[in-house]
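Q: Please find one structure pasted underneath; my questions will follow.
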Amino acid sequence: MKARTFGNTGVDVSEVGLGTWQLGGGDWGPIDDATSLQTLEAATEAGVTFFDTADIYGGGDSERRIGKFLAKRSDRDRLLIATKFGRASDPGGAANLEYDVMKRHMAGSCKRLGVEQLWLVQGHCLDHDALRSGAVFENLRRLQSEGLIAHFGMSVQSVDEALTCLEQDGLTSLQVIFNVFRQKLIAELFERAQQKNVALIVRLPLASGLLSGKFTRDSRFADTDHRNYNRDGAAFNVGETFAGVPFEAALQLVEELRDEVPSGVSMAAWALRYCLDFPAVTTVIPGARSAEQARGNAGASELEPLSSSAHARLRQFYEQRVVRHIRGAY
């Protein structure tokens, strides 16, 4: 597993991390403790050192499961956990960004994770007006000075939100949606983030699993799985589900991509390798619901970069075939 320096921290992290929304159950369908722990163990054995979670994933279950996992590890200090805040239901809304509430929520994350300090905390897709006001960043800097958090970043939904955050002092990272289907960031964000020495965490590198190439028109998802109930943005930003591309259209687009995947390489690993080819990307955080998936995703770090001609074809594919299908904040 190759590593990259995480923004202004000076700390190296695995270039393939693990997203753990699915380990909370709920929005990805049910998953038990044993399977979650096996997935975390397999990822770590494959070289993953960066794990991304949030206080609301599974009502805190994702953090609790990571906490149980960490408690068993003698090497826990080398494993870096990023969590998120701002979308809890108690008290909810704008009140979640008040200093006292932020502190309480982050203390809860510490308890569930079994840590005294959060290594990285990120605003969880906050309203753009809240980002513009700057108050949440003032609170983060205060909590950092008090020692509750080591570093802070933002998980955003659009390039405009990312650019707003980049104006804030002390920002360590941005978490963004980026994959073969979502290439706008290449021209509009990557260089700016590098200039600011801000780490980029790529979520949805597989577009909610679409770019694994395993789905068909007969694929079915649990009632509680966001790939069922949020397919068209009924519950939250549609861009968080299948990267905002309608499922039926996306299946056809995936078929058109198959010839780009080298023989002997899985489509998932190829799609992750695409993201890693960009120096601005610090780490990608595909989810996994099994040890096998976690090991397969980690293997993308060992692949050779795509050729310049392949990147040119994929850019043309995006512009000619994909852009018109993208929905949601971008």
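No value in this document is a laboratory result; all are computed from the given coordinates. Treat the numbers as computed from the prediction; the structure is a model and nothing was measured. We place every Cβ from the backbone using ideal geometry, glycine too, and count neighbours over all the protein chains shown.
Q: Give Gln175, Gln183 a once-over and let me know the one that is closer than 20 Å to Glu15 by Cα, surrounded by fewer than 24 Cβ atoms within 10 Å (Cβ to Cβ), in contact (Cβ under 8 Å) with a residue 24 or more places away in the chain and under 16 Å from the mean Cα position of the chain (by Cα).
A: The unique qualifying residue is Gln183.
Q: Before we move on, is Gln316 part of a helix (DSSP H, G or I) and out of contact with any helix residue (DSSP H, G or I) (no Cβ under 8 Å at 6 or more places or on another chain)?
A: When the stated conditions are applied, Gln316 passes them.
For every residue, the table says whether it meets (1) more than 23 Å from the chain's Cα centre (by Cα); (2) loosely packed, with under 14 Cβ neighbours inside 10 Å.
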residue: Asp218; (1), (2): yes, yes
residue: Phe221; (1), (2): no, no
residue: Asp225; (1), (2): no, no
residue: Ala234; (1), (2): no, yes
residue: Glu240; (1), (2): no, no
residue: Leu251; (1), (2): no, no
residue: Val254; (1), (2): no, no
residue: Gly264; (1), (2): yes, yes
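Q: Taking the condition surrounded by fewer than 23 Cβ atoms within 10 Å (Cβ to Cβ), more than 20 Å from the chain's Cα centre (by Cα), of a type in the set (S, T, N, Q) and part of a helix (DSSP H, G or I), does Gln194 pass?
A: no
Q: Can Gly58 be described as under 18 Å from the mean Cα position of the chain (by Cα) and not hydrophobic (A, V, I, L, M, F, W, C)?
A: Answer is yes for this residue.
Q: Which number in (1) buried (at least 24 other Cβ atoms within 10 Å of the Cβ); (2) out of contact with any strand residue (DSSP E or B) (no Cβ under 7 Å at 6 or more places or on another chain); (3) outside any helix (DSSP H, G or I) marks the one condition that Val48 misses?
A: Val48 satisfies every listed condition except (2).
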